[in-house]
Amino acid sequence: MANKQAVLGAGARFSGKISNARSIEINGYVEADLTTEKVTIGSSGKFLGSVDSELVVIAGEYEGKMQADSVWLTETSRISGEVHYKSLQMDRGAALNCRVVHNWNEAETNNVEEKQVNEEDTQEEQS
């Protein structure tokens, strides 16, 4: 994994698309779309854009739409936008001002919605 790790230092600014990095650590300002295995946003980092990742650790600021298997929000994190997750850990002090959706798998979501509709139809028929 070390050969595919990217680090953006404090004070640095980046805008664009990030690809082909397994792990990225952000301590500066990034405005991008990102698909990777692990994203770490340091306490001085700010990220605007979409993230699709297995693990996201946030100590800084995040604004955008995120899809992640595991999300860890530290006590200094500030989140806005939309977070779809399977596992969420939030330390005391983390700030969320966003839509938070558990288990973002669309196939599972559609099955739940279909089941609810079918239950409603059955209840109406019984009335």
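The values are calculated or read from the model by the stated rules, or taken from the named source; none is laboratory data. Predicted, not measured: the structure shown is a model, and the values here were computed from it. With ideal geometry, Cβ positions are generated from the backbone for all residues, glycine too; neighbour counts draw on all protein chains shown.
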**Message:** Scan the stretch 68-88 and tell me whether some residue there is under 14 Å from the mean Cα position of the chain (by Cα), basic (Lys, Arg), modelled with pLDDT under 95 and over 15 Å from SER53 (Cβ atoms).
**Reply:** no
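Go through the stretch 1-83 and tell me which strands (runs of 3 or more DSSP E), entirely inside it, have 1 or more residues that are among the β-branched types (Val, Ile, Thr) and in contact with a Lys or Arg (Cβ under 8 Å, 6 or more places away or on another chain).
Per the criteria, 23-26, 29-41, 51-58.
I need the full set of residues from the stretch 1-45 which are among the aromatic types (Phe, Trp, Tyr) and either at pLDDT 95 or above or under 17 Å from the mean Cα position of the chain (by Cα) (or both), in order please.
TYR29
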